[in-house]
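The values are calculated or read from the model by the stated rules, or taken from the named source; none is laboratory data. Here the structure is a predicted model, which means the values were calculated and not measured. Here the Cβ is made from the backbone with ideal geometry for all residues, glycine too, and neighbour counts use every protein chain on show. Each accessible area value is taken on the protein alone, full model and side chains, heavy atoms only, with ligands, DNA and RNA left out. Shrake-Rupley method; radii C 1.70, N 1.55, O 1.52, S 1.80 Å.
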Amino acid sequence: MTKGILVFASDNGHNAYGLQAEDLAKRARHFLDLPVTIVTDAQTVFNYAVFDKVILLSSLHFTFRPTEEGELVPFKNTRRGTSLDLSPYDKTIVLDTDVVICNDSYLQCFEQPHDFLIYKDSVCLDKTEPSPTTVSDAGPAFYWATAFYFAKTERVMDFFELLKYIQEHWIHYKAMFQIPGQMFRNDHVFSVGLNLFSDFSK
């Protein structure tokens, strides 16, 4: 039974996501002793030797997101719904590049009985923003695609097929749940998917 971490990282001319992923991989090796696979593109800068496997995608669809200064920069992080297809592991933890691993807590994912785990609650440390509880006034509960765990069970495979369907028809689901804003968010796709996939309601 193989276990590992999957990380998506594509530089956008503003953020060095490749270097962030490199730091994450080093910490994963030190604190968790887990292999790390990176999904990226040829334009992203990082040390290939840090990763156990590098998956290069020839073209990455992207949207735009604003910086703190209001500048719009490319956001090439729309493939999270394909994590199950891309992961070389039987059991996978998917992490954002800016997750800072400081202990071995993530290893508990492999010691519990559930085949899918994702964060629902969060805390804004500087208390400048309320933490979202739903994706919109009409929308389902908010879940964070920042970090999640899955095992390749039949149920989880069905869930990821649903995620891909939702993303392919995102204009419809965005309108149906009245999700505001123009920026695509993996959080929203997972939240809608978890709402529709009733088996995951708990």
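A straight line joining the Cα centroids of the stretch 85-140 and the stretch 168-187 runs 20 Å. Only one residue of 28, 7, 51 has its Cα farthest out toward the positive end of the dipole of the stretch 1-54, where Lys and Arg carry +1 and Asp and Glu -1 on Cβ, and that residue is 28. Leaving out ligands, DNA and RNA but keeping every protein chain, what accessible area does residue 144 have, in Å² rounded to the nearest 10, with a 1.4 Å probe? For residue 144, the solvent-accessible surface is approximately 50 Å². Of all beta bridges DSSP finds with both residues in the chain, what is the antiparallel percent, to the nearest 5? Taking every DSSP beta bridge within the chain, about 50 percent pair in antiparallel fashion. Hydrodynamic estimate: the Kirkwood radius of the chain over Cα pairs, inserted into Stokes-Einstein at 37 °C and 0.692 mPa s, corresponds to D of 186 µm²/s. Taking the accessible area of the chain, probe 1.4 Å, and keeping the other protein chains in place, the carbon and sulfur fraction comes to 52%. Taking a ≥ b ≥ c as the square roots of the eigenvalues of the Cα gyration tensor, an a/c ratio of 1.5 or more together with a/b no larger than b/c marks the stretch 84-202 as oblate.
The residues of the stretch 100-202 expose, per residue, 60 Å² of accessible area to a 1.4 Å probe.
Exceedance of the 24 Å cut-off in Cα-Cα distance is limited, within the set 76/127; 26/127; 76/174; 26/164, to 76/127; 26/127; 26/164.
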